[in-house]
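Q: This is the structure, below, for whatever I ask next.
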Amino acid sequence: QVQLVESGGGLVQSGGSLRLFCAASGSIFSINPMGWYRQPPGKQRELVAVVLSGDRTNYADSVKGRFTISRDNAKRTVDLQMNSLTPDDTAVYYCNVNRFGQDYWGKGTQVTVSS
């Protein structure tokens, strides 16, 4: 029903930037929240940013002012611009969509920030 494919991850030095991309297919609509989560090594998956209905956005406190999430419903994509990266941002980043209470996930893309 829903497929999500992430790209754009990689290795970057502290202070650098990356832009993550997520391409969606299936029955996804603008009312369905879409966002980015991440899972640092040895930790649980956590919310990074999400776009809700009405184009409302929520960000984790740790990324506010540094990350920007954007969604294009026509292209069925959601991007995450990440600036001023630090080693604490190192994680596997997952694209997510919630539809009728069901979570769908991409396979993830690795982001590694060196000191």
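The values are calculated or read from the model by the stated rules, or taken from the named source; none is laboratory data. No experiment lies behind these values; they were computed from the predicted model shown. Heads up, the Cβs are rebuilt from the backbone with ideal geometry, glycines too, and the neighbour counts pull from every protein chain shown. These area figures cover heavy atoms from the full protein model, side chains too; ligands, DNA and RNA do not enter into them. Shrake-Rupley method; radii C 1.70, N 1.55, O 1.52, S 1.80 Å.
Q: Give me the net charge for the shell around Gly16: Cβ to Cβ below 15 angstrom, other residues only, Lys and Arg +1, Asp and Glu -1. Mind showing how you got there, number by number?
A: Working: positive: Arg19, Arg66; negative: Asp88, Asp89.
Computed value for this residue: 0.
Q: Considering only protein heavy atoms and a 1.4 Å probe, what is the carbon-and-sulfur percentage of the accessible area of the chain?
A: Details: 3020 of 6250 Å².
For the chain, the apolar C and S fraction of the accessible surface comes to 48 percent.
Q: Right, here's the next one. At 0.36 nm per residue, and after removing the present C-alpha to C-alpha distance, how many nm does the segment from Ser53 to Gln110 gain when stretched out fully?
A: Working: separation 57, 0.36 × 57 = 20.52 nm, distance 2.79 nm.
Using 0.36 nm per residue and subtracting the Cα-Cα distance, I get 17.7 nm.
Q: Just to confirm, what accessible area per residue do you get for the chain at 1.4 Å probe, in whole Å²?
A: Values: 6250 Å² over 115 residues.
About 54 Å² of surface per residue is accessible.
Q: Taking only C-alpha pairs under 8 Å that are 6+ residues apart, what is the relative contact order of the chain in percent?
A: Values: 279 pairs, mean separation 41.8, N = 115.
Over the chain, the number comes to 36 percent.
Q: Also: If packing is taken as the mean number of other Cβ atoms within 10 Å per residue, what is the order of 33-40, 98-105, 63-70, highest first?
A: Working: 33-40: 20.8, 98-105: 12.1, 63-70: 15.8.
Most protected by this proxy first, the peptides run 33-40, 63-70, 98-105.
Q: Each residue of the stretch 90-107 in turn: what ³J(HN,Hα) in whole Hz from Karplus with 6.51, -1.76, 1.60 and θ = phi - 60°, glycine and Pro shown as x?
A: 5, 5, 8, 9, 10, 7, 9, 9, 10, 10, 6, x, 9, 8, 10, 10, x, 7
Q: Given points 7 Å out from each Cα along the Cα-Cβ axis, report the Lys75 to Gln1 separation in nanometres with one decimal.
A: Going from the Lys75 label point to the Gln1 one covers 2.7 nm.
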